[in-house]
Amino acid sequence: QAKSWDDLSIRFPMAHKNILEQAAKMSGTQSHILLAIARQESAFERHAISSAGAVGVLQVMPKTARATARLHGIPYRNKNSLTDLKTNASIGARYYEGLMERFDNNRILATAAYNAGPERVAIWLKRSQAKEPFDVWIESIPFKETRGYVINVLMYSAIYSHLIGAPEPMLTAQERQQLL
């Protein structure tokens with residue numbers, strides 16, 4: 001209603017920036033991608049719970065949280081722990097880091113996997129036989145929600161990188177040239 005379409009500070013808040021930056025540093029993930037995921041997933045609401053059962057700012061599934069926490073030595077008791085900002089950010093950042101490793105540092109694939117699951121992304125990659133440009137691959141994602149999610153997170157990450165003073169392109173040269 002404010003019609004502040006060009007006011008990036010209103011449209012892209014920096015909520016929980018310090019905690020997300022700490023989690024990014026700890027995991028080797030870029031803070032602007034975590035800010036983008038938090039904006040897309042929960043609009044920075046620490047008590048958010050999705051219809052699928054994902055919890056917190058970075059919307060982590062409890063089963064994923066348990067496995068990720070165990071792998072990285074992050075204290076985790078139960079799904080209620082995911083409403084704690086530091087716990088959620090640490091687990092979400094480490095999980096995203098693992099997806100980046102699994103998908104050869106390709107944010108398109110890691111982001112799709114964060115939303116739809118890594119096994120689905122592996123199936124979609126196999127279907128494409130690594131012969132599609134990134135934009136065709138994104139548009140062929142069978143889930144409308146995941147298509148929009150990938151596009152939004154990539155766009156939001158470019159905006160957040162600008163806002164934090166570390167401008168990054170929406171896609172790296174490797175991501176643009178890689179066939180999926």
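Residues that are among the aromatic types (Phe, Trp, Tyr) and in a helix (DSSP H, G or I) were ranked within region 134-160; the one that is most open to solvent (accessible area, probe 1.4 Å) is Phe134.
Of the residues Ala130, Ala122, which single one is farther than 29 Å from Met14 by Cβ, without any contact (Cβ under 8 Å) to a residue 60 or more places away in the chain and in contact with a helix residue (DSSP H, G or I) (Cβ under 9 Å, 6 or more places away or on another chain)?
Result: Ala122 is the single residue among Ala130, Ala122 that is farther than 29 Å from Met14 by Cβ, without any contact (Cβ under 8 Å) to a residue 60 or more places away in the chain and in contact with a helix residue (DSSP H, G or I) (Cβ under 9 Å, 6 or more places away or on another chain).
The residue of region 1-21 that is modelled with the lowest pLDDT, among those that are open to solvent by 90 Å² or more (accessible area, probe 1.4 Å) and not in a helix (DSSP H, G or I), is Gln1.
For region 25-60, residues that are more than 16 Å from Ala15 (Cα to Cα), part of a loop (DSSP other than H, G, I, E, B), of a type in the set (A, V, I, L, M) and modelled with pLDDT of 95 or more total 1. The C-beta contact set for region 55-80 (first residue within 23 Å of Ala36 (Cβ to Cβ), second residue small (Gly, Ala, Ser) and open to solvent by 50 Å² or more (accessible area, probe 1.4 Å), distance under 8 angstrom, 6+ apart or interchain) comprises Met61/Ala52. When you scan region 22-34, do you find a residue that is open to solvent by 10 Å² or more (accessible area, probe 1.4 Å), over 14 Å from the mean Cα position of the chain (by Cα) and not aliphatic (A, V, I, L, M), even just one? Looking through region 22-34, at least one residue is open to solvent by 10 Å² or more (accessible area, probe 1.4 Å), over 14 Å from the mean Cα position of the chain (by Cα) and not aliphatic (A, V, I, L, M).
Of all residues in region 99-133, those satisfying the criterion of being buried (at least 17 other Cβ atoms within 10 Å of the Cβ), small (Gly, Ala, Ser) and in contact with a Leu (Cβ under 8 Å, 6 or more places away or on another chain) are Ala110, Ala113.
Here region 45-54 is the region considered, the condition is being of a type outside the set (S, T, N, Q) and either in contact (Cβ under 8 Å) with a residue 40 or more places away in the chain or farther than 20 Å from Ile19 by Cα (or both), and the residue that is surrounded by the most Cβ atoms within 10 Å (Cβ to Cβ) is Arg46.
Residue pairs whose Cβ atoms lie under 8 Å apart, separated by 6 or more positions or on different chains, with the first residue in region 152-167 and farther than 11 Å from Leu8 by Cβ and the second part of a loop (DSSP other than H, G, I, E, B) and among the charged types (D, E, K, R), are Ser157/Glu168; Ala158/Glu168; Ser161/Glu168.
Quick check on region 100-112. Is at least one of its residues more than 23 Å from Leu35 (Cα to Cα), more than 11 Å from the chain's Cα centre (by Cα) and hydrophobic (A, V, I, L, M, F, W, C)? Looking for residues that are more than 23 Å from Leu35 (Cα to Cα), more than 11 Å from the chain's Cα centre (by Cα) and hydrophobic (A, V, I, L, M, F, W, C), one finds none in region 100-112, hence no. Between Lys86, Lys63, the distinction of being surrounded by fewer than 17 Cβ atoms within 10 Å (Cβ to Cβ), closer than 19 Å to Ala23 by Cα and either at pLDDT 95 or above or more than 16 Å from the chain's Cα centre (by Cα) (or both) belongs to Lys86 only.
The values are calculated or read from the model by the stated rules, or taken from the named source; none is laboratory data. Treat the numbers as computed from the prediction; the structure is a model and nothing was measured. Backbone-built Cβ (ideal geometry, glycine too); neighbour counts: all protein chains shown. The accessibility values were calculated without ligands, DNA or RNA, using every heavy atom of the protein model including side chains. Shrake-Rupley method; radii C 1.70, N 1.55, O 1.52, S 1.80 Å.
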